[in-house]
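Here's the structure, in structure tokens; my notes come after.
The values are calculated or read from the model by the stated rules, or taken from the named source; none is laboratory data. The structure presented is a predicted model; accordingly, all values stated were derived computationally and were not measured. A quick note on method: Cβ atoms are made from the backbone with ideal geometry, for glycine too, and the neighbour counts reach across all protein chains shown.
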Amino acid sequence: MNSLSLIPALPLVSAVLLMIGSARLSKRVVAIFGVGSVGLSALIVASVAQDFLTTGEVQTATLWAWISVANFTPGIAFYIDGLTVVMMSVITGVGFLIHLYSVEFMESDESFARYFSYMNLFVAAMLLLVMADNLLLLYLGWEGVGVCSYLLVGFWYRDPNNGAAARKAFVVTRIGDTAMALGLFLLFTELGTLQIQPLMAAANVQWSGGGTLPVLATALLLGGAVGKSAQLPLHTWLPDAMAGPTPVSALIHAATMVTAGVYLIARTHELFLLAPATMQAIAWLGVATVLLAAFAALAQNDIKRILAYSTISQIGYMFLALGVGAFSAGIFHLMTHAFFKALLFLGAGAVIHCLHHEHNIFKMGGLRTRLPVVFASFLIGSAALAALPFTSGFYSKDSILLAAWALPDIGPILWAGGLLGALITAIYSFRLVFIVFFGEANTEPDKQVGWKIAVPLMVLCVLAAFGGWIGQPLSEVFPATADFHNVAHSVEYIGIAIPLIGLLIAYLVFLGGQLSVSKLTDSSLGKALQNFWRDGWRLDALYHNLLVRPFTGLARLCRNEPVDIFYNSIVSFLRWSHRGLVSLQTGELRWYATTMVFGLLLLVAIMLRNAS
Amino acid sequence: MNIDDLQGLLPLLTLAAGATALMLQIAFARNIKLTSFLAVATLLAATLSIVWAGESAPRFVTPLLRADKLALVFSALFCVAGAVTAILSMDYLNNRGDEPEEYFLLLVLSTLGACVLAYASHLASLLLGLELMSVSLYALIAYPDKTKLPLEAAIKYLVLSGAASATMLFGFALLYATTGTLQFSAMAQQLANIDTGNITLLVASVMIVTGLGFKLSLVPFHMWTPDVYDGAPAPVAGYLASVGKAAVFVVLVRWFIASNLFRFSILIDCIALLAILSMLAGNGLALLQTNIKRMLAYSSVAHMGYLVIILVVGSDLAHRPLAIEAGMYYLIAYTATTIAAFGLLTLLSAGKSQKENIQLHDVSGLFWHQPLYACLMLVALLSLAGIPLTAGFVAKFYLISSAVSDGRWILLGSLAIGSSIGIYYYLRVVFYMTRRVEEHKNIPEAAHGLIEKFMTCTLIASILLLGIVPQSLMEYLRSILQLVN
């Protein structure tokens, strides 16, 4: 038994145990299992990472070959390089903190064991996704996290709205997953393997850059990534997915699962490098998502929806990075985003927890003195999100924007788009801070946070503030990116200044009162625009009218099952033939003997006919 | 015959010695505990003896028997299946009939016959093994003689089986007349010079196929199957459906390979016809059955239809290794699964209520009442239906991939239609088992000894293991089949 296999196995075993013993185990035992298994995994990951950093050797482990027919031999096998190490560290590290936080957050929930079994199952599936050495196993993890996301979004299933949100998340991502499955089929038929490294090698040999096949294959993979990572046009599920418990949003819908699409593209980047058209599409998609989601975030009132749109927007930056070929910058932003967004979500969870499940930011206010720990974490988290200088978010976002600038032709446009996004990001993050934590108190907190909430917050504070100095062992994984040293200093200065300007605007509008936001929103155009953005650019309505309505209309048309006539006739034919056949089984020996003789005669007759 | 020859026959010798010992023991003192222990010990000893027997393989022991790895693997399978049947039968018999000792003797003898079939390299040994197995089975079917049904089943099986054997013997005679030999490999040399349209030879082989097809219950020689399974005691029906068929199929494959009958394309076409008929009619007949034993009987007709596809695929030399490998894997998976499915019926029939002929409504709510046994049935049914992670899936996947590589689209189409019908009646049992029933009054009282639970877990584990980590067994089969081919 390889110690690598323990990393996903521990949470998996714990999930199964919790599922079986949910009714019998005390909350204490459940918490020990649930948190402990992820903690142990994190320790093993730490030692694996230590090994990797000292030796720099790629580790592989094949547990067993699942099946072997002709040249199709999918294995249960792991491939651990720098990228995997980064992902595993984020998943188990941040995952452990969120599990610990959940113990207090979910304390009074009657389905405590169910919660932890789903969470552990999620961690196991996510680890499988990033550790897999072949795309089939990756797909298993990919679907596994999808199922867990469904289960956790609909965790409080007694409210039908939560069930609807879970279903939406599942169905919308399924569109992407289908594209991805088609992509896998195409890769297998064309290149004859699904093992990632040989696959990329084969693609480099057999495919010419810019050909139809690489573009088609990568476009299909991109479809999967777009669905999972909530990018345009499949992002609509993520804001609704906030129906789940807040730690779930932190773990699945901010830190890990939604970045799986980024991981997939980074993992198979050699394929994407063969398809410049897809790369460009990724970059444009990224920028469009950044802007669209940032404006939507600006108009939200629900604290979790603000963060949800912000997540979509930040993943847009990662896609921008991937699209311009700055893979390590994308993964870097993935990591820092995991820190500060998990921090913000956990902070938001603490606010909601202490404020009688209040989500509306305008009913909060003045929490600066009442919940100091939460205030500190929000301040640091928002600073990192807005990419204020020297926070972790600054380093990662800066390297993405510089990489975009360095791209010939379309580079400056992408850069400008990203910059505008950064301005809006700063405005909406500090709008949130100023409204929730300053001003008049509208609701009094009814409890304070305990250590199980405070400790993860503080650890994440440190990571969000200083995570930008963590070096990532990615140089072996990705091709070297262009040198930024000859970028004009003015470009860098603009990058530093923009978030500060955003902060200033937010201060003037939401705290200082020098600029009145009501003048803007009171005008009919302003009001319309605000509502338009609050509804997420009305894309939900658009999809509803464009896709859901025709579909349900079709379903209504088919209510009387015109199509089923065909299937029903198959059923009645089968029943009829069953009755016919059974009527031959008379139970009479002489009849049985007769059929045997007739059978023999038939065979002999065939022989006689064909004999020469 | 030297000591190495005897070593190669070790499983057969062990079984024969064990049968003699059992007979003497029963003659001296009736003691059911001792008898059943001796029988299980004999079967397990025979299984273990494979290890030593393997050291002298492969070799011909007289022209009649060939001790090679294939024979040994299937002897082991039959002995283990016999042992499992014997263990599951104990409670069943204790609550029925007053003198059940000879049951175990017959079981050992029948297993001996099955092993002889696995060894057979000559039509004479084929007949010997077949009759030894069948005659013991006639008696086993009628063993609990209190009711009319088992007796009726036994008589039906006896008469029809006799007719089938007679047909087969006539085929042997014609074959001897054409080739002058009954030994498989010697026959191959003679057949090589015979025109593929030779009428005597074609009629002879089709008569033998009829005889063996009866045992495999291929349509249209399948009529006896539901009545006999229904009447037979549940453990015997399980044994008949698994070992009784696997042994016949092994010898059929051996004969086809060793004598290279694949040359006669019209014969292969006939087999393809039987396969298609079996797949469609078997599944069609099982569709609405409410008697689980009859349902399993028809399903076995369909499974044998799937299985003989490999003979058709094997007629193409290029795909023969893969086809035979697929067939052998299918047999092992099918044996384990069938023993498990009938095992549940045995366990449910074993209690004091002496319920026979378990119906669908008898198992409704089984999941809430007997979760372990319900899991056994669930795994067995999923495996029969060919759902992934079970033995049946891997077996079917293998079978289909070999047929695809050979481009047998009509057979594959029938297989697909048949399998999709199959899902319906297999899952129907699962639906019944998961029903919430207020009163579990329908469920017959089941055996609940430790040993039954242990056997249940073992069977579940083996089906799942065959489905999850099939690779090592496949590779082993591949290596031994290279020697056979």
Between A:Thr336, A:Thr369, which is among the hydroxyl-bearing types (Ser, Thr, Tyr), at pLDDT 90 or above and in a helix (DSSP H, G or I)? A:Thr336
Under the condition of being within 28 Å of the chain's Cα centre (by Cα) and among the hydroxyl-bearing types (Ser, Thr, Tyr), which residue from segment A:45-71 is farthest from the other protein chains (Cβ to nearest Cβ)? A:Ser47
For the list (1) at pLDDT 70 or above; (2) within 18 Å of A:Leu298 (Cβ to Cβ); (3) of a type in the set (A, V, I, L, M, F, W, C); (4) outside any helix (DSSP H, G or I), I need the number of the one condition that A:Ala480 fails. (2)
Matching residues in segment A:533-575 - criterion: being assigned to a helix (DSSP H, G or I) and touching a residue at least 24 places away in the same chain (Cβ under 8 Å): A:Trp533, A:Arg534, A:Leu539, A:Asp540, A:Tyr543
Taking only pairs six or more apart or across chains, which ones have beta-carbon atoms under 6 Å, a first residue in segment B:453-476 that is within 9 Å of chain A (Cβ to nearest Cβ), and a second residue that is at pLDDT 90 or above and surrounded by 14 or more Cβ atoms within 10 Å (Cβ to Cβ)? B:Pro470/B:Val394
Note on segment B:279-293: residues more than 9 Å from every other protein chain (Cβ to nearest Cβ) and either surrounded by fewer than 21 Cβ atoms within 10 Å (Cβ to Cβ) or touching a Pro at 6+ places or on another chain (Cβ under 9 Å) (or both) are B:Thr290, B:Asn291, B:Lys293
Which condition from (1) free of Cβ contacts under 8 Å to residues at least 40 places away in the same chain; (2) on the phi > 0 side of the Ramachandran plot; (3) polar (S, T, N, Q) is the one that B:Asn198 breaks? (2)
Residue check: is B:Ala237 part of a helix (DSSP H, G or I), within 10 Å of another protein chain (Cβ to nearest Cβ), farther than 22 Å from B:Leu481 by Cβ and small (Gly, Ala, Ser)? no
Is one or more of the residues making up segment B:362-371 in a helix (DSSP H, G or I), within 14 Å of chain A (Cβ to nearest Cβ) and more than 30 Å from B:Glu325 (Cβ to Cβ)? yes
Tally the residues that are free of Cβ contacts under 8 Å to residues at least 24 places away in the same chain and either in a loop (DSSP other than H, G, I, E, B) or crowded, with 23+ Cβ neighbours inside 10 Å (or both), restricting the search to segment A:1-22. 1
For segment A:570-597, name all the residues that are more than 60 Å from the chain's Cα centre (by Cα), within 7 Å of another protein chain (Cβ to nearest Cβ) and not small (Gly, Ala, Ser). A:Leu589, A:Tyr592, A:Thr595, A:Met596
Only one of B:Ser414, B:Ser383, B:Ser419 is away from every other protein chain (no Cβ under 13 Å), assigned to a helix (DSSP H, G or I), modelled with pLDDT of 90 or more and farther than 19 Å from B:Met295 by Cβ, namely B:Ser414
Number of positions in segment A:36-57 that are without any contact (Cβ under 8 Å) to a residue 60 or more places away in the chain and either aliphatic (A, V, I, L, M) or loosely packed, with under 14 Cβ neighbours inside 10 Å (or both): 13
Got a sec? Which helices (runs of 4 or more DSSP H) wholly within segment A:374-472 have at least 1 residues that are of a type in the set (Gly, Ala, Ser) and closer than 20 Å to A:Leu511 by Cβ? A:411-437
Set A:Phe78, A:Phe33: member being on the phi < 0 side of the Ramachandran plot, part of a strand (DSSP E or B) and buried (at least 17 other Cβ atoms within 10 Å of the Cβ): A:Phe78
In segment B:336-381, the residues that are of a type in the set (S, T, N, Q) and either free of Cβ contacts under 8 Å to residues at least 24 places away in the same chain or touching a helix residue (DSSP H, G or I) at 6+ places or on another chain (Cβ under 6 Å) (or both): B:Thr337, B:Thr338, B:Thr346, B:Ser349, B:Ser364
Looking at B:Lys146, B:Lys156, which is the one that is among the basic types (Lys, Arg) and buried (at least 16 other Cβ atoms within 10 Å of the Cβ)? B:Lys156
Given (1) of a type outside the set (Lys, Arg); (2) buried (at least 24 other Cβ atoms within 10 Å of the Cβ); (3) at pLDDT below 90; (4) part of a helix (DSSP H, G or I), where does A:Asp240 come up short, assuming only one miss? (2)
Report whether or not A:His578 is in contact with a helix residue (DSSP H, G or I) (Cβ under 8 Å, 6 or more places away or on another chain), farther than 30 Å from B:Thr200 by Cβ, without any contact (Cβ under 8 Å) to a residue 24 or more places away in the chain and part of a helix (DSSP H, G or I). yes
Check A:Ala281, A:Ala277, A:Ala296 and return the single one that is in a helix (DSSP H, G or I), over 16 Å from the mean Cα position of the chain (by Cα) and buried (at least 24 other Cβ atoms within 10 Å of the Cβ). A:Ala296
Given the criteria farther than 20 Å from A:Met318 by Cβ and of a type in the set (S, T, N, Q), does A:Ser377 qualify? yes
Hey, could you check segment A:556-569 for residues that are surrounded by 10 or more Cβ atoms within 10 Å (Cβ to Cβ) and among the charged types (D, E, K, R) and say which is nearest to the other protein chains (Cβ to nearest Cβ)? A:Asp564
Yes or no: segment B:214-223 includes at least one residue that is surrounded by 23 or more Cβ atoms within 10 Å (Cβ to Cβ), under 25 Å from B:Pro63 (Cβ atoms), of a type in the set (A, V, I, L, M, F, W, C) and away from chain A (no Cβ under 12 Å). no
As an exercise: evaluate B:Asp269 against (1) touching a residue at least 60 places away in the same chain (Cβ under 8 Å); (2) within 13 Å of chain A (Cβ to nearest Cβ) and give the number of the one condition it does not meet. (1)
Inspect all residues belonging to segment B:402-413 and state whether any of them is in contact with a helix residue (DSSP H, G or I) (Cβ under 8 Å, 6 or more places away or on another chain), over 22 Å from B:Ala272 (Cα atoms), touching a residue at least 40 places away in the same chain (Cβ under 8 Å) and surrounded by 18 or more Cβ atoms within 10 Å (Cβ to Cβ). no
List the helices (runs of 4 or more DSSP H) inside segment A:128-235, counting only whole elements, that have at least 3 residues being within 30 Å of A:Leu547 (Cβ to Cβ), under 19 Å from the mean Cα position of the chain (by Cα) and touching a residue at least 12 places away in the same chain (Cβ under 8 Å). A:135-153, A:160-191, A:212-228
Filter the helices (runs of 4 or more DSSP H) completely within segment B:253-351 down to those with at least 2 residues that are modelled with pLDDT under 90. B:320-350
